[in-house]
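A.B. asks: Quick one: the structure is below, and I'll ask about it shortly.
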Amino acid sequence: MKVKVKLFATFRDGRFNEEVRDYSPGTNVKFVLEELNIPMDEIGAILINHRHVEEDHALQDGDNLSIFPLVGGG
Amino acid sequence: MQEVRSFLLKHAEGDILPSRHHVFASTHFGLSMGQVERIALESGLLPSRYQRNRNTISITQQLRIFRGTVAVVGCGGLGGYVIELLARLGVGRLIAVDPDVFEEHNLNRQLYSTPAMLGRPKVEAAYLRVKEINPAVTLVPVKCAFSKTNGFDILEGADVVVDALDSIPVRLELSDVCNDMNAPLVHGAIGGWFGQVATQFPGEDTLRRIYNRPAGANKGVEKSLGNPSFTPAVIASLQSAEVCKILTGQGQTLSRRKLHINLLDMESIELPY
C-alpha cells in the first residue's frame, strides 16, 4: 500500500520533506518511525490525514502521515 | 475628573489628543500618564501616539486594550518582544515574570539584553524599557520562577496570559493555573528556525495535548539548535496579535489549533487541537 510520509522541521535533515512510500498491509506508525530512525523522545505530534494518532495506529492505503518534532524553547 | 475631561476636550485636535497636552494634563492635574490616557479614551479621544492604529483599532477597542492586564510569563527571547509590542499597543498593565538575570548567551536574540545589562534582572530591564517607550503603561516586575504554587498570586487580575517560557513542565503548570483562573493563554515556543503558536481558552486542554508526548520531556529541538535572532521576533509578533484580538474581541484566534512555522523553508501549517 502507498502512504505519503511528510516530515517537518528537523526531521527533514538527512531524510526528505515528503515521500510516497510502499508498506505492506497492517504496518503501523511505529514501524515507519523506526525505519526512518526518528527517535521517539523527539516527537511532538503524529497526524494521519490531519488527525492526531499514536504510534500503534495502523496505516491504510492512501494515508497522509505527518511527523513533527517537539518545540519548547522561549 | 470633569475638569480634566474638559481640558482634554478643549485641547484635542479633532478626536486626537496631542502628546504635549497629554503630558501637560498629567503634570498640571497631578495624574499619571495612564490616568490621563484613560480619561482621554473614555472621552472618545485618541492619544496621538496611537493615531496610526486607528483604522485597525477603534478608539473603543483602544480603551479595551488600555483597560487590559496581560501577564507575560518568561522574559527571554519571546517575552522581551511580546512586552515591547504590547507596551506600544497600549496595554494598560503588564505583569512581567522571570527569575533570571541577563547572560552573554542571551545577547544574540533577547531584545532587552545589552552588554551593559549583563547580570541585571530581565524584569528590571523590561520595566525600564516600558517606562521609556510608553509612560502610560504600568509594568509590574515579578522576579521569580513561575510555578503552580505561586501562580495564582502572580496572575491575579490578568485578562490574558502569554506563555513565553522555556520549560515544558512549567508551561503545563501555567496552563493548569490559567484554566483554574479562567484566563486565556497564548502559547508560543521556538527552536532554531522553527516555532509554534496556539491560543487556549478556559476549559480547553490544548497545552496538555501539545505536550502529551513524550511524557516528562523538558526540552524540544531548541536543546540542540538554540535560537537565532529572528525566530523569537516572529513568534512573539504572532502571540501579540492573538492578545490584541482577545482584548478587542475581533478576528479569529488560534483556539483549538496550532500554527507550526518553518522559517528555513518558509512554510506554515495548521494542526488541529
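A.B. asks: When the residues of the range B:153-192 are narrowed to those that are part of a loop (DSSP other than H, G, I, E, B), in contact with a helix residue (DSSP H, G or I) (Cβ under 9 Å, 6 or more places away or on another chain) and of a type in the set (Asp, Glu), which ends up nearest to the other protein chains (Cβ to nearest Cβ)?
C.D. replies: B:Asp166
A.B. asks: Next up: Does B:Thr149 qualify as being hydroxyl-bearing (Ser, Thr, Tyr), in a strand (DSSP E or B) and within 23 Å of B:Thr69 (Cβ to Cβ)?
C.D. replies: Here the answer is no, as B:Thr149 does not meet what is asked.
A.B. asks: Taking the criterion of being assigned to a strand (DSSP E or B), in contact (Cβ under 8 Å) with a residue 12 or more places away in the chain and not hydrophobic (A, V, I, L, M, F, W, C), would at least one residue in the range A:46-63 satisfy it?
C.D. replies: no
A.B. asks: Please state which one of B:Arg5, B:Arg38 is surrounded by fewer than 19 Cβ atoms within 10 Å (Cβ to Cβ), closer than 24 Å to B:Lys245 by Cα and touching a helix residue (DSSP H, G or I) at 6+ places or on another chain (Cβ under 9 Å).
C.D. replies: Working: B:Arg5 fails: closer than 24 Å to B:Lys245 by Cα.
Among B:Arg5, B:Arg38, only B:Arg38 is surrounded by fewer than 19 Cβ atoms within 10 Å (Cβ to Cβ), closer than 24 Å to B:Lys245 by Cα and touching a helix residue (DSSP H, G or I) at 6+ places or on another chain (Cβ under 9 Å).
A.B. asks: Could I ask something else about it? So, in the range A:53-74, exactly how many residues are surrounded by 16 or more Cβ atoms within 10 Å (Cβ to Cβ), of a type outside the set (Phe, Trp, Tyr) and either over 14 Å from A:Arg21 (Cα atoms) or within 11 Å of another protein chain (Cβ to nearest Cβ) (or both)?
C.D. replies: Here the count works out to 10.
A.B. asks: A further question on this structure: On the given criteria, is B:Ala198 buried (at least 18 other Cβ atoms within 10 Å of the Cβ) and under 25 Å from A:Phe11 (Cα atoms)?
C.D. replies: Here the answer is yes, as B:Ala198 does meet what is asked.
A.B. asks: Among (1) in contact with a Lys or Arg (Cβ under 7 Å, 6 or more places away or on another chain); (2) away from chain B (no Cβ under 14 Å); (3) under 26 Å from B:Glu270 (Cβ atoms), which single condition is A:Ile43 missing?
C.D. replies: A:Ile43 satisfies all of (1) in contact with a Lys or Arg (Cβ under 7 Å, 6 or more places away or on another chain); (2) away from chain B (no Cβ under 14 Å); (3) under 26 Å from B:Glu270 (Cβ atoms) except (2).
A.B. asks: Moving on. List every residue pair whose Cβ atoms lie under 7 Å apart, where the two residues are 6 or more positions apart in sequence or sit on different chains, the first residue falls within the range A:1-24 and is aromatic (Phe, Trp, Tyr), and the second residue, located anywhere, is modelled with pLDDT of 95 or more and assigned to a loop (DSSP other than H, G, I, E, B).
C.D. replies: Final answer for the pair search is A:Phe11/A:Ile38; A:Tyr23/A:Met1; A:Tyr23/A:Leu59.
A.B. asks: OK, next. What number of residues within the range B:229-266 satisfy the criterion of being more than 15 Å from B:Ala189 (Cβ to Cβ) and in contact with a Lys or Arg (Cβ under 7 Å, 6 or more places away or on another chain)?
C.D. replies: 5
A.B. asks: With the requirement that a residue be out of contact with any Asp or Glu (no Cβ under 8 Å at 6 or more places or on another chain) and surrounded by fewer than 21 Cβ atoms within 10 Å (Cβ to Cβ), what does the range B:239-260 give you?
C.D. replies: Of everything in the range B:239-260, those that are out of contact with any Asp or Glu (no Cβ under 8 Å at 6 or more places or on another chain) and surrounded by fewer than 21 Cβ atoms within 10 Å (Cβ to Cβ) turn out to be B:Ala241, B:Lys245, B:Thr248, B:Gly249, B:Gln250, B:Gly251, B:Gln252.
A.B. asks: I would also like to ask the following. Whether any residue in the range B:26-33 is within 30 Å of B:Asn182 (Cβ to Cβ) and either buried (at least 20 other Cβ atoms within 10 Å of the Cβ) or modelled with pLDDT of 95 or more (or both) is what I want to check.
C.D. replies: Looking through the range B:26-33, at least one residue is within 30 Å of B:Asn182 (Cβ to Cβ) and either buried (at least 20 other Cβ atoms within 10 Å of the Cβ) or modelled with pLDDT of 95 or more (or both).
A.B. asks: When B:Leu271 is evaluated against the numbered criteria (1) facing another protein chain (nearest Cβ under 8 Å); (2) in contact (Cβ under 8 Å) with a residue 60 or more places away in the chain; (3) touching a Leu at 6+ places or on another chain (Cβ under 7 Å); (4) farther than 25 Å from B:Asp153 by Cα, which criterion, by number, is the only one it fails?
C.D. replies: (2)
A.B. asks: Of the residues that make up the range B:246-256, is at least one outside any loop (DSSP other than H, G, I, E, B) and within 11 Å of chain A (Cβ to nearest Cβ)?
C.D. replies: For the range B:246-256, residues outside any loop (DSSP other than H, G, I, E, B) and within 11 Å of chain A (Cβ to nearest Cβ): absent.
A.B. asks: Surrounded by fewer than 24 Cβ atoms within 10 Å (Cβ to Cβ) and either among the charged types (D, E, K, R) or touching a Lys or Arg at 6+ places or on another chain (Cβ under 8 Å) (or both): does that describe B:Ile133?
C.D. replies: Spelling it out, B:Ile133 is indeed surrounded by fewer than 24 Cβ atoms within 10 Å (Cβ to Cβ) and either among the charged types (D, E, K, R) or touching a Lys or Arg at 6+ places or on another chain (Cβ under 8 Å) (or both).
The values are calculated or read from the model by the stated rules, or taken from the named source; none is laboratory data. Predicted, not measured: the structure shown is a model, and the values here were computed from it. Neighbour counts are summed over all protein chains in view; Cβ atoms, including those assigned to glycine, are modelled from backbone coordinates with ideal geometry.
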